[in-house]
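Every read-out reported here was derived from the displayed coordinates using simple, explicitly stated rules and does not represent laboratory data. Just so we're clear, the structure is a prediction, and the values are computed from it rather than from any experiment. Cβ placement follows ideal geometry from the backbone for every residue including glycine, while neighbour counts extend to all protein chains displayed.
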Amino acid sequence: RKEVEQDPGPFNVPEGATVAFNCTYSNSASQSFFWYRQDCRKEPKLLMSVYSSGNEDGRFTAQLNRASQYISLLIRDSKLSDSATYLCVVNITHSGYALNFGKGTSLLVTP
Amino acid sequence: EAGVAQSPRYKIIEKRQSVAFWCNPISGHATLYWYQQILGQGPKLLIQFQNNGVVDDSQLPKDRFSAERLKGVDSTLKIQPAKLEDSAVYLCASSFHRGMSEQFFGPGTRLTVL
């Protein structure tokens, strides 16, 4: 079983739609959680950290459920520029700060 | 502020040949990471340095891959000899220190092994 699992999609949504991505992780010792965004043929960039209390950044809301080992990302009022791959990322601080990435969920926002 | 620099951006080699990638992290960043990203997958950590010391190389195929960060600044990753399955993007990332600080990625080197 992979450490971080995501629905690969693709998710095709119209502009203005709300879309949610889900992610599960297998190691209960995981300490830190993130969503990274990766545009086609570009490097990953941090979108937001995910906190136990949930956090929001503009149109983006991230939630963490430690009991279920589940992370989510909600994007409201989707823009064309949101089209990208969204990577769920988990860290286990046993020997450093290596990030474990999911395969990513592909989002395409259409006019 | 300059970002993480990597070179070359693209490399095509034949199997069994050798190849080396170079990375210059953001100035002042003590921690440097090399990731391998195969098409359709998320990045996978190969090796992590703290200054010039190795913190984690548990997923580095040491029979063919090697990496160094001799002066605690820039780093090189080498593959010798390359296999077809090494075709991937090799991403270098850096962070200010180990712990909770954000990792910044370079543009990557796209390797094709024929």
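Within the stretch A:11-48, the residues that satisfy the criterion of being part of a loop (DSSP other than H, G, I, E, B) and either within 12 Å of chain B (Cβ to nearest Cβ) or of a type in the set (Lys, Arg) (or both) are A:GLN31, A:ASP39, A:CYS40, A:ARG41, A:LYS42, A:GLU43.
Scanning the stretch B:1-57 for residues that are of a type in the set (Val, Ile, Thr), part of a strand (DSSP E or B) and touching a Ser or Thr at 6+ places or on another chain (Cβ under 7 Å) turns up B:ILE12, B:THR31, B:VAL55. Which of the residues belonging to the stretch B:20-36 are closer than 17 Å to B:LEU60 by Cα and aliphatic (A, V, I, L, M)? The answer is B:ALA20, B:LEU32. Of the residues making up the stretch A:59-73, one or more are farther than 17 Å from A:GLY102 by Cβ and small (Gly, Ala, Ser).
I'd like the residue in the stretch B:59-70 that is over 10 Å from the mean Cα position of the chain (by Cα) and either of a type in the set (A, V, I, L, M) or within 13 Å of chain A (Cβ to nearest Cβ) (or both) and, out of all such residues, is surrounded by the most Cβ atoms within 10 Å (Cβ to Cβ). Among those that are over 10 Å from the mean Cα position of the chain (by Cα) and either of a type in the set (A, V, I, L, M) or within 13 Å of chain A (Cβ to nearest Cβ) (or both), it is B:LEU60.
Of the residues making up the stretch B:45-58, those that are closer than 28 Å to A:THR85 by Cα and within 7 Å of another protein chain (Cβ to nearest Cβ) are B:LEU45, B:GLN48, B:ASP56.
The residue that is farthest from A:PRO8 (Cα to Cα), counting only those in the stretch B:34-44 that are at the interface with another protein chain (Cβ under 7 Å from one of its Cβ atoms) and buried (at least 21 other Cβ atoms within 10 Å of the Cβ), is B:PRO43. All told, A:GLN63 meets the bar of being without any contact (Cβ under 8 Å) to a residue 60 or more places away in the chain and either within 11 Å of the chain's Cα centre (by Cα) or within 20 Å of B:HIS97 (Cβ to Cβ) (or both).
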